[in-house]
Amino acid sequence: MTNQSFHIIIQLSRERSMLQEMPKEANIIVVGAGLSGLELVSELLKCGIPNVVLLESGSYDRIAHTNSYLTPRESFTFWQSPELDPDFYQPWRSDSTPHYCGLSGLRRGIGGRSRYWRGITLRMDDWALEDPIWPVGIRHDLERSWKGNIGLYEEVEKDLACWARRDLSAFRGIEEKILVDFLSHTLDSPCLPVPLARQYSLTKTGKKWCAYTPISRWMEFGGNLE
């Protein structure tokens, strides 16, 4: 394998597995090709780590955000109606209904839930980061500085804004600006649009958007299907 080799091994189903095609050796094995798994292997590739294997139990029929091939309404319905989604998987039975029921489940396949999300990039509330839940050092890395540079929150927001080719809190239209101005005046406090990590494009059917998914970043750094 070359220094930039990277394989993703897909287990098509419980009955049919492709594990016999597994490379005989690997430096790192990552389980799960969802948002976290793809981001992790993308960083490994970016750093030049060789022989990384990513295991995923779902399919790879749709390697794109749902908004790229569905209308916004269809995409939202697809998310809200898991029975329509062949990649939805709920491997448990809840004893505390309505908790962990309905939409609660896995979205198997490359990209995982990132193929469905709406791109909302809000930071955690201050109360949620207080001791003893989050150590002081973690909060410092997130909010202030990490390894002598900007905080991780700001770093990720800059990366997403670069991908989106616009400020995450930029107005998405005159109607939104009017609403935000009205709220700012009414509440006597500055208001901003909800930050969204989205790319917009014009198509024959109108303006479309897709939210960030690590799929494109993974492929940019050499990710491939084996």
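The values are calculated or read from the model by the stated rules, or taken from the named source; none is laboratory data. None of the values given here were measured: they were computed from a predicted structure. Please note: Cβ atoms are built from the backbone with ideal geometry, for glycine as well, and neighbour counts cover all protein chains shown. Surface areas here come from the heavy atoms of the whole protein model, side chains and all, with no ligands, DNA or RNA. Shrake-Rupley method; radii C 1.70, N 1.55, O 1.52, S 1.80 Å.
Summary table below
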| quantity | calculated |
| --- | --- |
| Top-ranked residue in the range 156-201 [being β-branched (V, I, T) and not in a loop (DSSP other than H, G, I, E, B); ranked as least open to solvent (accessible area, probe 1.4 Å)] | V180 |
| Tabulated pairs, the range 148-165, first closer than 15 Å to A211 by Cα and free of Cβ contacts under 8 Å to residues at least 40 places away in the same chain, second of a type in the set (A, V, I, L, M) and open to solvent by less than 70 Å² (accessible area, probe 1.4 Å), C-beta under 7 angstrom, 6+ apart or interchain | E157/L168; A161/L168 |
| Positions within the range 76-92 being farther than 25 Å from V30 by Cβ and open to solvent by less than 70 Å² (accessible area, probe 1.4 Å), in sequence order | T77, F78, W79, S81, P82 |
| Selection within the range 135-154 - part of a helix (DSSP H, G or I) and either open to solvent by 70 Å² or more (accessible area, probe 1.4 Å) or aliphatic (A, V, I, L, M) (or both) | V136, I138, H140, L142, E143, L152, E154 |
| Test for S42: is it touching a Lys or Arg at 6+ places or on another chain (Cβ under 6 Å), modelled with pLDDT of 85 or more and either of a type outside the set (V, I, T) or in a helix (DSSP H, G or I) (or both) | yes |
| Test set (1) modelled with pLDDT under 95; (2) open to solvent by less than 50 Å² (accessible area, probe 1.4 Å); (3) closer than 30 Å to T71 by Cα - L129 fails condition number | (3) |
| Residue selected from the range 32-75 under the condition more than 15 Å from S114 (Cβ to Cβ), touching a Ser or Thr at 6+ places or on another chain (Cβ under 9 Å) and not hydroxyl-bearing (S, T, Y), by the criterion surrounded by the most Cβ atoms within 10 Å (Cβ to Cβ) | V52 |
| Where I29 falls short, out of the listed (1) hydrophobic (A, V, I, L, M, F, W, C); (2) over 30 Å from T203 (Cβ atoms); (3) assigned to a loop (DSSP other than H, G, I, E, B); (4) in contact with a strand residue (DSSP E or B) (Cβ under 7 Å, 6 or more places away or on another chain) | (3) |
